[in-house]
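Comments concern the structure below.
The values are calculated or read from the model by the stated rules, or taken from the named source; none is laboratory data. Because the structure is a prediction, the values reported are computed rather than measured. Neighbour counts run over all protein chains shown; Cβ positions are idealised from the backbone, glycine included.
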Amino acid sequence: MHDQHGDPTIGQIDPQTTSDPLSAVTTRKSFLKGAAVAGVGAAGLGTLAPAAALARGRKKGPTRGDVEILKAAQLAEALAVTTYTNIIGAAPFFKNIPADDQGYLQGALQEEMSHYLLEESLTGKPAATSTFYYPPKMFSDAQTTLNILVTLEDAFIAAYLVGVRDFSTADLRVTAARIMGIESDHRTLARVLGPDVASSDGGPIEQITGFQKSAESVDPPNNNGYERTLLLTNIEQAVEALTPFASKEAAAKAGFDTSKPYEFKSFTPKLPNPLGEFHSLKG
């Protein structure tokens, strides 16, 4: 049985697009270090002003290594927002899954946007790119969509675990762990959706293939005793794993559909419950 949610629908979101998005990046170095040329609307940062003020008020700011991790995480969150936005707005199977499943996805969209804006408040720049690519049949085919969604959440979890290991301060490490826990929720909920996909959309889906490219039963959806590191030991490995989604050249090499780019659109998030809203880097 699913819990019922009172989350806002996609129609209630007021997106603000970023201007002059960067062209796709083709190397890990440029992916991490590319200079941003576009600004995100200030309205999106309002809810995160306390976090930004705390970061600015430190005697010792983030290290170069911290910023590299934050840039990678920011890129991942932009990709996550774009993915959830298009599942909700464009995937045919979405309208046929139960209302509580729709609420899972709508809540995840709000959470990923909150993560993005927090990280932008710390880097002071938009993500390195605002254009993303996906494999063929993404969004049109439920199995493909859930495979990719779980793959991305697997990668996000592992990337934040790199942050837990490598961030220079306890505040940043705990924040990475707090975000990683939400990404873990998203992975499990994506697997919950499988059996609820309607037969007209190719369901029920009983197996989903994630990052490790091995089909796993969706029963039970919470099938991890410990979060998977995917053997990632540094943030460049996480960026490399996400590069096909953010670089047209890498996307083409990976067999992705480069004829249909998807643009990241920023908006002011409304989290499902005030008790779950972000307070500060210290908790």
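Some values worked out for this structure:
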| quantity | calculated |
| --- | --- |
| Residues of the range 208-220 that turn out to be within 22 Å of the chain's Cα centre (by Cα) and either surrounded by fewer than 18 Cβ atoms within 10 Å (Cβ to Cβ) or among the β-branched types (Val, Ile, Thr) (or both), as a count | 8 |
| Qualifying positions in the range 130-165 - in a loop (DSSP other than H, G, I, E, B) and among the polar types (S, T, N, Q) | SER130, SER140 |
| Failed condition for GLN143, given (1) in contact (Cβ under 8 Å) with a residue 60 or more places away in the chain; (2) touching a Gly at 6+ places or on another chain (Cβ under 8 Å); (3) farther than 30 Å from ILE97 by Cα | (3) |
| Matching residues, the range 252-283, being at pLDDT 95 or above, part of a loop (DSSP other than H, G, I, E, B) and over 18 Å from the mean Cα position of the chain (by Cα) | ALA254, GLY255, PHE256 |
| Tally, over the range 257-283, of residues that are surrounded by 18 or more Cβ atoms within 10 Å (Cβ to Cβ) and of a type in the set (Gly, Ala, Ser) | 1 |
| Conditions (1) more than 13 Å from PRO135 (Cβ to Cβ); (2) touching a helix residue (DSSP H, G or I) at 6+ places or on another chain (Cβ under 6 Å); (3) surrounded by fewer than 19 Cβ atoms within 10 Å (Cβ to Cβ); (4) not β-branched (Val, Ile, Thr): number failed by ALA254 | (1) |
| Members of the range 91-125 found to be outside any helix (DSSP H, G or I) and touching a residue at least 40 places away in the same chain (Cβ under 8 Å), listed by number | ALA91, ILE97, PRO98, LYS125 |
| Top-ranked residue of the range 208-230 - restricted to ones that are hydrophobic (A, V, I, L, M, F, W, C) and touching a residue at least 60 places away in the same chain (Cβ under 8 Å), ranked as farthest from LEU149 (Cα to Cα) | LEU230 |
| ARG187 closer than 27 Å to PRO92 by Cβ, charged (D, E, K, R) and at pLDDT 95 or above | yes |
| Members of the range 184-195 found to be crowded, with 24+ Cβ neighbours inside 10 Å, among the hydrophobic types (A, V, I, L, M, F, W, C) and either over 14 Å from the mean Cα position of the chain (by Cα) or not in a helix (DSSP H, G or I) (or both), listed by number | LEU193 |
| From the options THR169, THR131, residue that is in contact (Cβ under 8 Å) with a residue 40 or more places away in the chain and surrounded by fewer than 17 Cβ atoms within 10 Å (Cβ to Cβ) | THR169 |
| Residue within the range 187-207 that is without any contact (Cβ under 8 Å) to a residue 40 or more places away in the chain and among the basic types (Lys, Arg) present | yes |
| From PHE211, PHE267, residue being of a type in the set (Phe, Trp, Tyr) and under 23 Å from GLN102 (Cβ atoms) | PHE267 |
| Residues satisfying the stated conditions in the range 221-251, i.e. surrounded by 16 or more Cβ atoms within 10 Å (Cβ to Cβ), in a helix (DSSP H, G or I) and touching a Ser or Thr at 6+ places or on another chain (Cβ under 6 Å) | ALA246, LYS248, ALA250, ALA251 |
| Filter result for GLY181 (out of contact with any Cys (no Cβ under 9 Å at 6 or more places or on another chain), in a loop (DSSP other than H, G, I, E, B) and without any contact (Cβ under 8 Å) to a residue 24 or more places away in the chain) | no |
